[in-house]
Every structure is written in structure tokens, then in C-alpha cells.
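*Asks:* Handing you a structure now.
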Amino acid sequence: MTAKPMTEDYVPLFPWMGVLFLGIALGHLLVRSDFRAIAPLARLPRGLAWLGRHSLAVYLLHQPVLFGVLWLATRA
């Protein structure tokens with residue numbers, strides 16, 4: 001393709017298939033090694049684990065705060 005179509009939701013398939021295949025290969029390597037390469041990440045602080053478990057609530061709560069800060073910043 002020489003020019004991108006007028007639509008904004010067009011994403012060429014073939015460049016991203018390489019990323020997909022790399023991810024699949026990495027997943028297979030991790031499974032074969034019993035996830036030893038990422039074992040240190042299991043010791044993340046509890047706060048990060050809590051944020052990950054409650055990501056929707058964190059997202060919904062930070063939105064009004066973010067808009068409030070932006071509103072105050074534009075008022076000054």
C-alpha cells in the first residue's frame with residue numbers, strides 16, 4: 001500500500017504479526033524455564049499489587065482528580 005486510507009481505524013496486519021509471534025515465543029521460553037526469568041518481579045511491593053487488583057477503581061477515582069487538577073491549572 002502506498003498511501004494510508006482516510007479512515008483512522010486502519011492498522012496494517014503484517015507488521016504487528018511479528019510482535020505477536022515474538023510475544024508467543026517469549027511466552028513459550030518463560031514456560032519452559034518455569035518463569036525463573038521473571039521470578040524477582042513476584043516480590044513487587046504490596047501497593048503495586050493492590051493497584052493491579054483494583055485497576056478499574058483506581059482508574060475511575062483518578063479521573064475526577066485529574067480533571068480537577070487540569071481545571072485548576074487552566075484557571076490560573
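The values are calculated or read from the model by the stated rules, or taken from the named source; none is laboratory data. Keep in mind that what you see is a predicted model, and the values were worked out from it rather than measured. Positions of Cβ are generated from backbone atoms using ideal geometry, with glycine treated the same way; all protein chains shown enter the neighbour counts.
*Asks:* Taking region 1-43, which residues are among the aromatic types (Phe, Trp, Tyr) and at pLDDT 95 or above? Full working, then the answer.
*Replies:* Taking region 1-43 first, the residues among the aromatic types (Phe, Trp, Tyr) are 10, 14, 16, 21, 35.
Matches in region 1-43: 21 only.
*Asks:* Could you count how many residues in region 37-54 are touching a Leu at 6+ places or on another chain (Cβ under 8 Å) and surrounded by 10 or more Cβ atoms within 10 Å (Cβ to Cβ)? Before the answer, list the steps.
*Replies:* Narrowing region 37-54 to residues touching a Leu at 6+ places or on another chain (Cβ under 8 Å): 37-38.
Within this subset, residues satisfying the condition of being surrounded by 10 or more Cβ atoms within 10 Å (Cβ to Cβ) are 37.
Looking only at that region, the number is 1.
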